[in-house]
Amino acid sequence: MLIVPFLGFAGSGKTSLTKTFGRFLEDEGYRVKLINLDPGVEEIPYKPDFDIRDLFTISKIMREEGIGPNLAMLKASEMILDAFDKVASKMREGRCDFALIDTPGQLEIFAFRDAGSEFMRRLRELTRVCGVFLIGCDVASTVSRLVVALFVGIAVQLSLGVEAIIVLHKSDIDIGGRIRRIIGDEELLKRELIKETGVMVDVALAALEVLSRIKPATRIIPTSSVTLEGHEDLFEILHEVFCACGDNIYPFHFIRDFRGT
Ligand SMILES: Nc1nc2c(ncn2[C@@H]2O[C@H](COP(=O)(O)OP(=O)(O)OP(=O)(O)O)[C@@H](O)[C@H]2O)c(=O)[nH]1
Ligand SMILES: [Mg+2]
């Protein structure tokens, strides 16, 4: 079994890609389990095999504890960790090739909290884990934002201790393919970045310097839950991980390089 957590900014398309990629895998003949770990979501467009909302929801925490949504989200991240054994036993039930995990809307409550990295550590003890980090084409309204999003994608992998394939999601709105050209060509990315003005450009340039050290190991796939672009490519990369006997797609050297060890 390969566990695939979908990670990304709020609204980046995690839930949609969990649904369409899950369906894609099933059509390829794989046994797939869909796990919803977002206690804040109102409606999900797929039938989950495990739904954290059966245990608690954000509105229930708010009501019972008399707290606001942000604090409730923080509490929820601990409660998700407490539910680990239930999630694990659901994944182990019957046969399963891919377990796709739809993570909470707010990236930070899962990716940058101890509970999130502990959850991932326990998942890795079960079997192989390879995340998918989504960058929605709608965040790439400026090149500096795109670079910062890429940087966050790497930071999330380091914080969670899990490798992830970065996808440029909602590729159907990348009319003319400008964003995918920029994201796939470091020189073009730099040229477009320095055309922009404002303080974000300096931040993005610094981020780009770090990224250029790790980017050779990173292939970014355009995906869309509308046109289904990229599902095959994503599958191929995950399939390599699925078939690898303990070898992962991305050598962990980039993490070592990043840490300078
Ligand atoms: N054009 C386009 N829109 C998409 C795509 N995938 C998702 N969306 C839209 O983006 C919005 C957010 O999608 P979700 O799948 O709910 O994203 P999410 O990351 O799960 O959102 P949260 O869990 O609330 O953070 C919805 O309006 C989707 O219809 C896509 O591939 N193309
Ligand atoms: Mg969602």
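The values are calculated or read from the model by the stated rules, or taken from the named source; none is laboratory data. Only a predicted model underlies this, so the values are computations on that prediction, with no experimental measurement involved. A quick note on method: Cβ atoms are made from the backbone with ideal geometry, for glycine too, and the neighbour counts reach across all protein chains shown.
Taking the criterion of being closer than 12 Å to Ile52 by Cα and either in contact with a Gly (Cβ under 7 Å, 6 or more places away or on another chain) or among the charged types (D, E, K, R) (or both), the residues of segment 86-124 that qualify are Lys86, Lys90, Asp102, Pro104.
Scanning segment 92-115 for residues that are within 16 Å of ligand 2 (Cβ to nearest atom) and either assigned to a strand (DSSP E or B) or touching a Cys at 6+ places or on another chain (Cβ under 9 Å) (or both) turns up Leu100, Ile101, Asp102. How many residues are touching a Phe, Trp or Tyr at 6+ places or on another chain (Cβ under 7 Å) and either part of a helix (DSSP H, G or I) or near ligand 2 (Cβ under 8 Å from one of its atoms) (or both) when one looks only at segment 7-25? Number of matching residues: 7.
Contact annotation: residue pairs with Cβ atoms under 7 Å, 6 or more positions apart or on different chains, pairing a residue in segment 89-116 that is within 16 Å of ligand 1 (Cβ to nearest atom) with a partner that is among the charged types (D, E, K, R), are Asp102/Lys14; Asp102/Asp38; Thr103/Lys14; Thr103/Asp38; Pro104/Asp38; Gly105/Asp38.
In this structure, is Pro45 over 17 Å from the mean Cα position of the chain (by Cα), in contact (Cβ under 8 Å) with a residue 24 or more places away in the chain and within 22 Å of Pro222 (Cα to Cα)? Against the criterion (over 17 Å from the mean Cα position of the chain (by Cα), in contact (Cβ under 8 Å) with a residue 24 or more places away in the chain and within 22 Å of Pro222 (Cα to Cα)), Pro45 qualifies.
Rundown of residues vs (1) within 15 Å of ligand 1 (Cβ to nearest atom); (2) of a type outside the set (Asp, Glu); (3) modelled with pLDDT of 95 or more, yes/no style:
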| position | (1), (2), (3) |
| --- | --- |
| Ser141 | yes, yes, no |
| Arg145 | no, yes, no |
| Ala149 | yes, yes, no |
| Glu163 | no, no, no |
| Arg180 | yes, yes, no |
| Gly184 | no, yes, no |
| Lys190 | no, yes, no |
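Restricted to segment 92-131, and to residues that are polar (S, T, N, Q) and surrounded by fewer than 24 Cβ atoms within 10 Å (Cβ to Cβ), which residue is farthest from Arg31 (Cα to Cα)? Filtering first and then ranking leaves Gln106.
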